[in-house]
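Below is one structure, written out as structure tokens; the observations come after it.
The values are calculated or read from the model by the stated rules, or taken from the named source; none is laboratory data. Owing to the predicted nature of the structure, the values given are computational and were not obtained by experimental measurement. FYI the Cβ positions are ideal-geometry reconstructions off the backbone, even for glycines, and counts take in every protein chain you see. We work out accessible area using only protein heavy atoms, side chains counted, and drop any ligands, DNA or RNA first. Shrake-Rupley method; radii C 1.70, N 1.55, O 1.52, S 1.80 Å.
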Amino acid sequence: TPLWMRTTPASALFTVLIGLVFVYIANRPLWHTDLWDHLNYGAEILKTKSVSTTEPLMRLCKGVPMVNIPWLAQVGMAALNERFGLTSLQFLSAILVTLCLAFITFRSWKNSRSVLGGLLACGVFLKTNLHEFQVIRPQLIGLVFYCIVLAWMTGSRRHTKFTWTIFPLMFALWANIHGSFSMGLFLLGLTAVGRFGDVLVISRSAKTALLDRDLHKTILLTQLCAAAVLLNPSGLGVYPEVFNVAGNSNVASMFEWEPLTLRLSHGQTAAAVLLLSIMAIRLSPRRIHCAEMLAFVTTGLLAAWSARMLNWWAPVAAILIGIHLTAGIRKTSAWLKKSEPAKASGLWTVVNGGLLWIIFALTPFGMQIVHSRTLDIRNLVSRETPVATTAFLETMEDRPSGIVFAPAEWAGYLMNRGPAGLEPMVNLHVHVTPERVWMDYLKLNNGPSDWDGLMDEYGINMAVVNKQRQGPLVRRLKESSDWTASYEDVQGIVFVRKVKI
């Protein structure tokens, strides 16, 4: 067997463990929120064969400028769904999560020279970021690219021909998939600053640090990647758009953008990982590079500012724990000190190949491809998805035209799987929703005293209401003599105005 095809028993162990995660993710129900909005925008781009510069789907957002950074990811997701169905999206999310785990695990294993280091990093990353993996969104592709940059930053950071070619190409693709390309550029910038700091500490000469060739190469690589980002339909517009989204007043009202606190389950997990990181740093005999510490601290502060940013701290913390906690254990454990890498052989490559086939066959997509068996929509989506309510809307006779009040988290699914022409008041692309419209939507959610006036103002003749989350509005509508309930199930109620306006 050629040397490059030989693998070790450790690789089979990682294949089994990460394969279990793969099967778990590939069998998880599709979440009821962001995914469907992205599928709708992707289908619109495929239909019109152009990327709109204004919001194309929502009537109340007509004419609002829109820089659709993730257009390429949306097109890919919509095309996959059209060709293979929803199971292909589950399979895609499993591949992306597995790639993230693979890059983080490999870097920790390589730096620590121990299987334990890889397992620690894999476990920490998965536990910290599991809540983010339940939602399929373009951000997941961005996280794969981010892990690639992080693995390079925490490795030997060689500036090879491969690096000079692949990184600019990756950033050009990244800028058409998700706004997290900015976090990749941020990591490259920290790598340059960290290199300057390392040389300065060792040489104690600012001149030597400034003249360091690796510093110059990293700065040049960062500039090339920043220029490659401009290869997108909006050009320079992608840079301000990243900050416009994060600073949008509508986005501030979304719970997932709130500060990370101990009241949140993933906030408690992050606190535990922080304590473990501090212990690993304290016990480790290894020198911690300046870039590692800068990335750990700055992304940690970003995560504290917004829970959504935990996505970018988790892999940094995982690698740090995997490398330095293993080093601390090795200092006191004889069995780890004497551990030697097992001999690679072609037999383990065959074993890995067999494991991969079994893993594939255990996924819904694998069953669809191998056995031509497709699952019912109810077995593919989360419990919170309004499947029954949407089915009623499709069969509804004399459905009122015009704007429909519906929960923002249901809007994408209602438009994607519901009757043609359905127009919700808002969707989850809140950064392109006029502020007044979004504020009025939030008011209606809480069933205010002037709810009927707001319904009149927007010409709403039909309301699809979430019984669990919009209880006050449900009570208002049931008490009103102007509205009647046409349909009700355990999740939602469809109210129709008796006299249309």
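State yes or no: is residue 214 part of a helix (DSSP H, G or I) and in contact with a Cys (Cβ under 8 Å, 6 or more places away or on another chain)? Outline the logic, then answer.
Values: part of a helix (DSSP H, G or I): yes; in contact with a Cys (Cβ under 8 Å, 6 or more places away or on another chain): no.
Answer is no for this residue.
For residue 325, which of the numbered conditions (1) open to solvent by 80 Å² or more (accessible area, probe 1.4 Å); (2) modelled with pLDDT of 90 or more; (3) assigned to a helix (DSSP H, G or I) fails to hold?
Only one criterion is unmet by residue 325, namely (1).
Output the qualifying pairs, or none if there are none: Cβ atoms under 6 angstrom, residues six or more apart or on different chains, first residue in the range 346-370 and farther than 23 Å from residue 7 by Cβ, second residue modelled with pLDDT under 90.
Here the result reads 364/375; 367/373; 368/374, each pair linking the range 346-370 to a residue that is modelled with pLDDT under 90.
Look at residue 247 and say whether it is open to solvent by less than 70 Å² (accessible area, probe 1.4 Å), out of contact with any helix residue (DSSP H, G or I) (no Cβ under 9 Å at 6 or more places or on another chain) and closer than 30 Å to residue 445 by Cα.
Criteria met by residue 247.
Within the range 52-65, identify whether any single residue is more than 26 Å from residue 248 (Cα to Cα), without any contact (Cβ under 8 Å) to a residue 12 or more places away in the chain, surrounded by fewer than 19 Cβ atoms within 10 Å (Cβ to Cβ) and basic (Lys, Arg), and answer yes or no.
No.
What number of residues in the range 8-54 are within 24 Å of residue 118 (Cβ to Cβ) and hydrophobic (A, V, I, L, M, F, W, C)?
13
So which residues in the range 462-494 are β-branched (Val, Ile, Thr) and in contact with a Gly (Cβ under 8 Å, 6 or more places away or on another chain), if there are any at all?
The answer is 464, 465, 474.
Which of the residues spanning the range 142-163 are surrounded by 14 or more Cβ atoms within 10 Å (Cβ to Cβ) and of a type in the set (Phe, Trp, Tyr)? Walk me through how you get there before you give the answer.
Initial filter on the range 142-163 (surrounded by 14 or more Cβ atoms within 10 Å (Cβ to Cβ)): 142-154, 157, 159, 163.
Residues satisfying the conditions are 145, 146, 152.
Which one of these is within 18 Å of residue 496 (Cα to Cα) and open to solvent by less than 30 Å² (accessible area, probe 1.4 Å): 424, 364?
From the options 424, 364, the qualifying one is 424.
Within the range 23-38, does at least one residue satisfy the condition of being over 20 Å from residue 76 (Cα atoms), outside any loop (DSSP other than H, G, I, E, B) and β-branched (Val, Ile, Thr)?
Yes.
Which one of these does residue 24 not meet: (1) within 23 Å of the chain's Cα centre (by Cα); (2) over 26 Å from residue 407 (Cβ atoms); (3) buried (at least 17 other Cβ atoms within 10 Å of the Cβ)?
Result: residue 24 fails condition (3) only.
Where in the range 71-188 are there helices (runs of 4 or more DSSP H), lying fully within it, with 2 or more residues that are more than 30 Å from residue 227 (Cβ to Cβ) and either within 19 Å of the chain's Cα centre (by Cα) or polar (S, T, N, Q) (or both)?
Output list reads 71-84, 86-112, 115-133.
This table checks each residue for (1) of a type in the set (A, V, I, L, M, F, W, C); (2) closer than 18 Å to residue 215 by Cα.
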residue: 143; (1), (2): yes, no
residue: 152; (1), (2): yes, yes
residue: 155; (1), (2): no, yes
residue: 158; (1), (2): no, yes
residue: 161; (1), (2): no, yes
residue: 164; (1), (2): yes, yes
residue: 175; (1), (2): yes, no
residue: 181; (1), (2): yes, no
residue: 185; (1), (2): yes, yes
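Looking at the range 457-467, can you tell me whether even one residue there is within 15 Å of residue 404 (Cα to Cα), acidic (Asp, Glu), over 31 Å from the mean Cα position of the chain (by Cα) and surrounded by fewer than 20 Cβ atoms within 10 Å (Cβ to Cβ)?
yes
Among the residues of the range 265-305, count how many are buried (at least 16 other Cβ atoms within 10 Å of the Cβ), more than 27 Å from the chain's Cα centre (by Cα) and among the β-branched types (Val, Ile, Thr).
Result for the range 265-305: 1.
Could you grab me the full set of residues in the range 289-338 that are small (Gly, Ala, Ser) and within 23 Å of residue 180 (Cα to Cα)?
291, 295, 300, 303, 304, 306, 307, 314, 317, 318
Can you tell me which condition residue 42 does not meet? The list is (1) assigned to a loop (DSSP other than H, G, I, E, B); (2) closer than 24 Å to residue 93 by Cβ, and all the others hold.
(1)
Residue by residue through the range 190-242, note down the ones that are open to solvent by 30 Å² or more (accessible area, probe 1.4 Å), of a type in the set (D, E, K, R) and in contact (Cβ under 8 Å) with a residue 24 or more places away in the chain.
195, 214, 217
Results for (1) hydrophobic (A, V, I, L, M, F, W, C); (2) surrounded by fewer than 15 Cβ atoms within 10 Å (Cβ to Cβ); (3) at pLDDT 95 or above, shown as yes or no for each residue.
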| site | (1), (2), (3) |
| --- | --- |
| 374 | no, no, no |
| 381 | yes, no, no |
| 395 | no, yes, no |
| 400 | no, no, no |
| 411 | yes, no, yes |
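Could you count how many residues in the range 434-456 are open to solvent by 10 Å² or more (accessible area, probe 1.4 Å) and of a type in the set (Ser, Thr, Tyr)?
Residues meeting the conditions: 1.
Evaluate the following for residue 77: is it buried (at least 19 other Cβ atoms within 10 Å of the Cβ) and either without any contact (Cβ under 8 Å) to a residue 60 or more places away in the chain or hydrophobic (A, V, I, L, M, F, W, C) (or both)?
Answer is yes for this residue.
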